[in-house]
Every structure is written in structure tokens, then in C-alpha cells.
Amino acid sequence: MEIKRLLKYFAKNQYPGPEVLKTMIYMSYNSENFLGDLVDEIGKEETMDFVNKTFNKLSSGIHSEISIKIPLRYTAEKGSWIYLIINHFDIVLDEEPSDVLINHSWGDSKIINPDGFETTIEDISSEVDMGGMNEYHDFIDSIRNECYTFIRENCGFGIWFE
């Protein structure tokens, strides 16, 4: 499917949204080509603007930066979430053709453990000792994976953490 037709479809339907990646698959459009096709069609500057508008539509608006509330479906118990704050982003097709490179930080969060205890990412990071660093890094990697999946499903492109 041509990128113009896909963009026309998204303009008439909810974009970004939870059905974006499924729609691309249904329309036999290879989502791996989305960013590259956008750059080819409208140029890098306009693609950066498109990505910025997309992130802003997902953003909660509670922080001055782009802040996207990510539900943590696999990393923690139901009801857990974290704000992904995107401080800066760039499109570097030579390095990662299907993802947007982001510089990020973590905002507010609610992490529920299996016992039902609520904590935050700040509390978890402050309580980590040297012996638990590997487990902490694995935990952060799993949160990043959830962020990647959420963005990919809702935008048709992924994010690459700087």
C-alpha cells in the first residue's frame, strides 16, 4: 500500500491509536518502512513534525515536555504505569530505519508488585544496592520494552532509547 493512501486513511480515522499497527498489517503495509516512506514522501523536516504531533497527541500534557503514560501490562501488576518523558527525538534512518531515536527520562509512576504493594520507579532506584543492579537493569529494560511496544502499536513506528 502506498504511504499516501495510508496517511489518508489515518487522517480520517484515529491516529495515533491502539489499532494503528493492526491496520497496517491488515492493509498489507510493512510498518518497518513507515518512517523511511514518510521521509521519502514528505522530507525529514516534515516527518519530524509528523512524529512531534504524534507524540503530542499521545502526551498527557501534565508535564511541560512530551509525557506519555505507558500502562505496564507485563512488567508489573495490573494498574501499574509510568510516564515516559521524551526530552528530545531524532530520525536516524541509517542506524534504525523503523524507530525514532529518543532521549528520555521517567516521570511519575505507579508500580504494583505481586503482593499489591505500590511503589514508584524513584523508590525502586533509590533502594537498589550493588548486588541488585543487574536485576534493576533488567527491570528497566522490561519497562523500555513495554514503552517500545506501546508506541509501536499506537504509532506504527518504534522508539530507540539513546
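Each value in this text was obtained by applying a stated rule to the coordinates, not by laboratory testing. No experiment lies behind these values; they were computed from the predicted model shown. FYI the Cβ positions are ideal-geometry reconstructions off the backbone, even for glycines, and counts take in every protein chain you see.
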ask   = So which lysines pass the test for K69, namely a Cα distance under 25 Å, with those fewer than 8 places away in the same chain ruled out?
value = K12, K22, K53, K57, K78, K110
message = Please report, in whole Å³, the volume per residue of the convex hull around the C-alpha atoms of the range 56-142.
response = 128
key: Extension gain, Q14 back to E135 (0.36 nm per residue minus Cα-Cα distance, nm)   = 39.8 nm
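Give me the dipole magnitude in Debye, nearest 20, for the chain about the Cα centre, with unit charges on the beta carbon: positive for Lys and Arg, negative for Asp and Glu. Could the numbers behind the result be given before it?
On the way: 14 positive and 29 negative charges, 212 e Å.
My answer is approximately 1020 debye.
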task = When you have a sec, figure out the Kirkwood radius of the chain from all distinct Cα pair distances and drop it here in Å to one decimal?
result = 16.8
ask   = If you place +1 on the Cβ of every Lys and Arg, -1 on the Cβ of every Asp and Glu, and leave all else neutral, what size is the dipole of the range 23-92 about its Cα centre, to the nearest 20 Debye?
value = 520
note = If amide H atoms are modeled at 1.01 Å from N in the peptide plane, then the residues at a separation of 5 or more from S80, or on another chain, having amide H under 5 Å from its own are L72, I112
request  = Can you work out the PRE-style zone for R73? Point 7 Å along Cα to Cβ, and I want the residues of the range 6-45 with backbone N under 18 Å.
outcome  = 15-26
ask   = Taking a point 7 angstrom from the Cα of I112 along the C-beta vector, which residues in the range 54-75 have backbone N less than 15 Å away?
value = 71-75
key: Residues M133, M24, sorted so that the one with the fewest Cβ neighbours within 10 Å comes first   = M133, M24
